[in-house]
Amino acid sequence: MAKAKTKQQLTIENEELQARLQELEDTLEAIRSGAVDAIVTSGPAGDRVYTLEGADHAYHTMVESMNEGAVTVLTDGTILYANRQFGQMTGAPPSDIVGRPFHDFVQASDRPIWDGFIRQAGSDGLKAEIRFGNRSASEIPVQISGTPIDLGGSKALALVVTDLTKAGATRKSSRPRGSRATSSSRAWKGSPCASTAGSSSQAEGSTRSTGAIP
């Protein structure tokens, strides 16, 4: 005859069952609310991952099929996500992109432009023109547009990257009436570089291509 359980044992078992029930309810609620996009199960054959398809899956599919690069970066420039088109622009495989600083893919001479851009990560309507270094080409001019986003309490920036060799000639910045036809450097929107680079070029007597965003 089985020995009757003590009141203390029954209390402990009841607490364990309550905790397991709460865990199951939390898991179901997370699935219903879209807080998870995959479930991992363990079995004799090892772990298996089941992806949950929904609105997020459709959005991910759309982003991966874009003609523009789509990148999510932290405010320090660390890449959290990049779509396939961005990988084609930079000539880097996905495994070599996530976790790296964005400026690793920017031409050295244009990194100050990127640094100025990322310092304004909290602002809307950010735009800049820079050049990527590509493993199969010397450089690729691109336009980057940024929108601040919140990732569970962490500040980040969603970037859209347009290849200007496909979009057409780089935009020319407009200059005030009466100014001399000197050129300015590519710069992030609102940067003082756009106003100082032209005078510097004039003093040196050299002509430089423009990429400042109007």
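The values are calculated or read from the model by the stated rules, or taken from the named source; none is laboratory data. Nothing here was measured: the structure is a model prediction, and the numbers come from that model. Here Cβ is always computed from backbone atoms with ideal geometry, including for glycine, and neighbour counts include all displayed protein chains.
Residue-wise test of (1) among the hydrophobic types (A, V, I, L, M, F, W, C); (2) surrounded by 15 or more Cβ atoms within 10 Å (Cβ to Cβ); (3) in contact (Cβ under 8 Å) with a residue 24 or more places away in the chain.
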residue	(1), (2), (3)
84	no, no, no
98	yes, no, no
101	no, yes, yes
109	no, no, no
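Looking only at the stretch 133-147, count how many residues are modelled with pLDDT under 90 and not hydroxyl-bearing (Ser, Thr, Tyr). Adding up the residues that qualify gives 6. Please list, ordered by first then second residue, the pairs with beta carbon atoms under 8 Å, 6 or more apart or interchain, first in the stretch 5-27 and over 17 Å from residue 39 (Cβ atoms), second part of a helix (DSSP H, G or I). Once the first residue is over 17 Å from residue 39 (Cβ atoms) and sits in the stretch 5-27, its partners that are part of a helix (DSSP H, G or I) give 5/13.
Taking the condition at pLDDT 90 or above, farther than 15 Å from residue 162 by Cβ and touching a Pro at 6+ places or on another chain (Cβ under 9 Å), does residue 76 pass? So residue 76 passes the test. Among the residues that make up the stretch 55-63, is at least one of them modelled with pLDDT of 90 or more and part of a helix (DSSP H, G or I)? No, the stretch 55-63 contains no residue that is modelled with pLDDT of 90 or more and part of a helix (DSSP H, G or I).
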